[in-house]
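Structure record follows, encoded as structure tokens.
The values are calculated or read from the model by the stated rules, or taken from the named source; none is laboratory data. All of these numbers come straight from a predicted model, not from anything done at the bench. Cβ: placed from backbone, ideal geometry, glycine included. Neighbour counts: every protein chain shown. We work out accessible area using only protein heavy atoms, side chains counted, and drop any ligands, DNA or RNA first. Shrake-Rupley method; radii C 1.70, N 1.55, O 1.52, S 1.80 Å.
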Amino acid sequence: DGVVVSEKVKSDNLDVNIPESELEAEEKGAEEERPRESDSNILDVSSGYPRDKHISIQRHLADLEKLADLREDEKKPCPLCPEEKFKACYSHKLHRHLQNLHWKVSVEFEGYRMCICHLSCRPVKPNLVGDQTLAKMGAHYHCIICSATIIRRTDMIGHINRHVNKGETESRFITVRAPKSSYEVVKESATDVQVLPNHSTPQKTDSYFNPKMKLNRQLIFCALAVLAGERKPIECLDAFGATGIMGLQWAKHLRSSVKVTINDCNENSVTMIKENCHLNKMKVKLNIKEEDNDQTVGDGEENSDTIEVTKMDANVIMHLRSFDFIHLDPFGTSVNYLDSAFRNVRNLGIVSLTSTDISSLYAKAQHVALRHYGCNIVRTEYYKELAARAVIAAVTRAAARCNKGVEVLLAVALEHFVLVVVRVLRGPTPADDSAKKVRYLIHCQWCEERVFQKEGNMVEENPYQQLPCDCHSSMPGKTAVLLGPLWSGALFNTGFLRRMLLEAVQYGLDEAQPLLKTLVCEAECTTLKHFSTHSPGDESKQEECGVYIKTPNTSAESYLVHGKRKSEEVLRGAAKRQRAEHSAEHPPFYYNIHRHSIKGMNMPKLNKFLNYLSEAGYRVSRTHFDPMGVRTSAPLAQFKTVLMKYSTPTYVGAQAEGPVHLPGEIQVGEEVPAAAEIKVEEAELAEDDKSGVAATVFTQVYPSHCAAD
């Protein structure tokens, strides 16, 4: 019987022969999806073999009845049932059988119906005696796409849905390519790409195109444009091409300044990238490493309109070749590709990576963050910046293993992704300097105060002394956690961000301009109205939307002399100048004004509160990480003091709107410990009973000021 089954399978092209060792692994109700089978099916299609559908897959009930060859005067068997299950009968009875049993319980997909089949197509588990002929023939469905046999109807529906999410349709497997009419052309930044209709499905599909990542693509383009202005031409790599939209934008706008290579390990993605290159009138230099066969499409001439398309694993191409600019945008985390990226990247080149595993980075799956990044994190008010610093720490450790240091140019953490852009500094000394900036963070879980652990290898007797707050002495138990290791250096390079803003203005990238202005203000830790003040050292400025953008002439020439790189002495001098310019780094982390608001009080508007902190002598700015976040050099105690001073009571009968004047007001510019500050005000309030309103406000406010808000 087993031989008969295998011959029937071959004749009807139903499925691939299954080894006996795999029969024992089948469980009742489980799907029969094997990677080896699906791979072999795809190979059959690529070779041009026309595979027919199974007889259980029909468009109409009449087509199914034709298979039975219904005649009124003769008994006919059911084409989908063995004789042991359904004996031959007359046409009226066979018609009811086909309609009620096979047609009604079918699964519909694109006009076809996958009817339930009772033939011996699917091998079943043998009984205890070992005689398979006595085993019950199992009912099953045949997949129209990959010919898998699946038992349950609900499992079949889910199986088809997974094919749809991956962009796999019937026409794609049977006729090799889908018709042109099934493709959708999407335009972004004057670049056209054709994608499948389900291109926005959040799965690892061949043509995955996420319109929500447009801002991410614009930021990466601006970073590449700045690097292209430093030295030309530069070799850049889009390691995960998918549709090729990012590499096409690079080649189309930057032209001869860049030599673009788009890579993807999926054959269908490579085919789509080639078609999108022709759609944008770009020549394709195809380099597919398969059995040492190199193919070239087009005239083979390397010019500004030529894009090299490769089909290989991202780790392999980064090990084999050197690049000036590498962008990593895999599905999920990028840590598996960091070692390869820093192995051959050229000196003073740029590595940018987009991480979309936000569930682990944003502390929703802390065990995954520990597994991927080796970092312990918890959910805090500054969780987005925590995620960016965790990614940079992983990048720094990977670069240090290759004797390279990093200079962080840009770190952005938004709703859907975390983007990090770093410049590579070759040599053991920059590697050591960067590795020293990876430190642990002490975080107080009561008041959200935080401080990086001091450098050194000596074990400190009481780590709580490093925290500026007094929660450990006033609260029972352990109040702080150790997070990290994290990047403790700066997240932004002001000069690089200004040049990115110039490129965004030049190429009309409207979505990136507001974010870049916010990033420049955040890097300088200043408010928007103080953004880009005039300074005599700037030789050239450009005004855009009322904002003056400083463009020092030395910035574009710091790495370039007549098209060649500078000598080591000149590079060291440029590095010293950069250290002098960036001596005043922005303060790490930020405070959420809502998190520290005072119960029963109306807090001031955010922009006014920024002015109050600035008038008190602190550096202050908004942050892109949190719309209600405040990045400031003020400690948390002074932050709360200023917030309380300019808050107004919400209850009726209180004093008129304005700042709350407490007796013996605290000098905001002085850094007084929180506990001592409270004791002084308690004593003064006890002596002064006349100010009833202030005493009422104080008693309502300071319990939350002392303990957790």
Of the conditions (1) within 14 Å of P82 (Cα to Cα); (2) at pLDDT 85 or above, M137 clears all except one; give me its number. (2)
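In the range 489-524, how many are among the hydroxyl-bearing types (S, T, Y) and assigned to a helix (DSSP H, G or I)?
Quick first cut of the range 489-524, residues among the hydroxyl-bearing types (S, T, Y) only: 494, 507, 518.
After this cut, where a residue has to be assigned to a helix (DSSP H, G or I) as well, the list is 494, 518.
Selection size over the range 489-524: 2.
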Tally of residues being open to solvent by 60 Å² or more (accessible area, probe 1.4 Å) and touching a helix residue (DSSP H, G or I) at 6+ places or on another chain (Cβ under 6 Å) across the range 450-478: 2
Can you spot a residue in the range 369-381 that is at pLDDT 95 or above, among the polar types (S, T, N, Q), farther than 23 Å from A512 by Cβ and surrounded by fewer than 17 Cβ atoms within 10 Å (Cβ to Cβ)? no
Just for the range 585-625: of the residues that are modelled with pLDDT under 90 and open to solvent by 70 Å² or more (accessible area, probe 1.4 Å), which one is nearest to R450 (Cα to Cα)? E585
Considering residues that are over 25 Å from R631 (Cα atoms) and not assigned by the TED database to the domain that holds I377, the number found within the range 470-503 is 1
Can you spot a residue in the range 327-346 that is over 19 Å from the mean Cα position of the chain (by Cα), closer than 27 Å to K274 by Cα and crowded, with 23+ Cβ neighbours inside 10 Å? yes
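Go through the range 423-447 residue by residue and tally those that are open to solvent by less than 20 Å² (accessible area, probe 1.4 Å) and farther than 18 Å from P485 by Cα. Full working, then the answer.
Within the range 423-447, the first condition is being open to solvent by less than 20 Å² (accessible area, probe 1.4 Å), and the residues that meet it are 423-424, 427, 431, 434, 441-444, 447.
Those still in the list that are farther than 18 Å from P485 by Cα too: 423-424, 427, 447.
The total comes to 4.
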How many residues does the range 594-624 contain that are among the hydroxyl-bearing types (S, T, Y) and under 30 Å from F417 (Cβ atoms)? 3
Please determine, by comparing only the residues of the range 319-343 that are in a loop (DSSP other than H, G, I, E, B) and among the hydroxyl-bearing types (S, T, Y), which one is farthest from V406 (Cα to Cα). T333
Which members of the range 265-291 meet the condition of being farther than 23 Å from L227 by Cβ and not in a helix (DSSP H, G or I)? C265, N266, K281, K283, V284, L286, N287, I288, K289, E290, E291
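On the given criteria, is V193 surrounded by fewer than 18 Cβ atoms within 10 Å (Cβ to Cβ), farther than 25 Å from E108 by Cβ, of a type in the set (A, V, I, L, M) and at pLDDT 70 or above?
Working: surrounded by fewer than 18 Cβ atoms within 10 Å (Cβ to Cβ): no; farther than 25 Å from E108 by Cβ: yes; of a type in the set (A, V, I, L, M): yes; at pLDDT 70 or above: yes.
No: the conditions fail for V193.
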Can you name the residue in the range 222-244 that is touching a Phe, Trp or Tyr at 6+ places or on another chain (Cβ under 7 Å) and open to solvent by 10 Å² or more (accessible area, probe 1.4 Å) and is also modelled with the lowest pLDDT among such residues? A242
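What are the residues in the range 475-488 that are in a loop (DSSP other than H, G, I, E, B) and either among the polar types (S, T, N, Q) or at pLDDT 95 or above (or both), if any?
Within the range 475-488, T479, S488 meet the criteria.
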